[in-house]
Amino acid sequence: MGDMSVASEEPFRVWWDEAAGVSRTQWAPGAVCGLAEAQASVAAVEALGHGAAPALIDMRQMSRIDRAAREHFTNSPGEVAAVGLLVGSAVSKMIANFMIGMQRMRFPVRMFTDESAALDWLDDHRQ
């Protein structure tokens with residue numbers, strides 16, 4: 001794959017999953033998401049060029065997300081049909097619950113512990 005050199009410096013990896021028809025963002029173990037990381041991850045998804053497609057965010061190993069980052073995710077005009085948040089640890093569940101609880105998203109957001117269940121749900125939210 002043609003990874004951009006900048007991508008390796010980010011605490012996440014973004015790619016298009018052709019088989020599932022979703023963009024995927026995987027946060028690195030211990031990742032802290034601040035405003036710059038939030039902006040970069042949204043820009044990376046948009047750069048994939050698939051428009052308002054479903055997105056699967058694997059935040060199972062994320063350690064923290066700053067308030068400014070949460071606000072960017074809820075207020076950014078990024079194109080997305082629906083977001084599945086893949087969680088595992090108590091910390092990632094807390095982060096996801098907080099994001100969902102903000103209720104300001106302009107698209108459906110749901111938390112999952114099972115990846116295949118998340119992909120099934122996202123499949124129902126194709127535009």
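Scanning region 25-35 for residues that are part of a loop (DSSP other than H, G, I, E, B), over 24 Å from GLU9 (Cβ atoms) and within 14 Å of the chain's Cα centre (by Cα) turns up nothing.
Residue by residue through region 88-104, note down the ones that are within 18 Å of ASP58 (Cα to Cα), of a type in the set (A, V, I, L, M) and in contact (Cβ under 8 Å) with a residue 24 or more places away in the chain. Even if it seems obvious, please write down each step before you answer.
First, pick out the residues of region 88-104 that are within 18 Å of ASP58 (Cα to Cα): 88-100.
Those still in the list that are of a type in the set (A, V, I, L, M) too: 90-91, 94-96, 99-100.
Once the filter is applied, which keeps residues that are within 18 Å of ASP58 (Cα to Cα), of a type in the set (A, V, I, L, M) and in contact (Cβ under 8 Å) with a residue 24 or more places away in the chain, region 88-104 yields VAL91, ILE95, ALA96, MET99.
Where residues in region 92-122 are charged (D, E, K, R) and surrounded by 14 or more Cβ atoms within 10 Å (Cβ to Cβ), which of them is nearest to GLY51 (Cα to Cα)? Can you show your working first?
Looking only at region 92-122, we keep the residues that are charged (D, E, K, R), and these are 93, 104, 106, 110, 114-115, 120.
With surrounded by 14 or more Cβ atoms within 10 Å (Cβ to Cβ) added as a condition, the list becomes 93, 110, 115.
Values: LYS93: 28, ARG110: 20, GLU115: 22 Å.
In this case the residue turns out to be ARG110.
Of the residues making up region 75-91, not a single one is modelled with pLDDT of 85 or more, among the hydroxyl-bearing types (Ser, Thr, Tyr) and buried (at least 17 other Cβ atoms within 10 Å of the Cβ).
A single member of MET105, MET111, MET99, MET62 is closer than 20 Å to PHE12 by Cβ and part of a helix (DSSP H, G or I), and it is MET99. The sole residue among ARG70, ARG13, ARG24 that is farther than 20 Å from MET102 by Cα, among the basic types (Lys, Arg) and touching a helix residue (DSSP H, G or I) at 6+ places or on another chain (Cβ under 8 Å) is ARG13. Pairs linking a residue in region 47-76 that is of a type in the set (Ser, Thr, Tyr) to a residue that is surrounded by 15 or more Cβ atoms within 10 Å (Cβ to Cβ) and assigned to a loop (DSSP other than H, G, I, E, B), with Cβ atoms under 9 Å and 6 or more positions apart or on different chains, are SER63/ALA31; THR74/MET105.
The values are calculated or read from the model by the stated rules, or taken from the named source; none is laboratory data. As the structure is a computational prediction, the values presented were derived from the model and not from experiment. Every residue, glycine among them, receives a Cβ derived from its backbone with ideal geometry; neighbour counts consider all protein chains shown.
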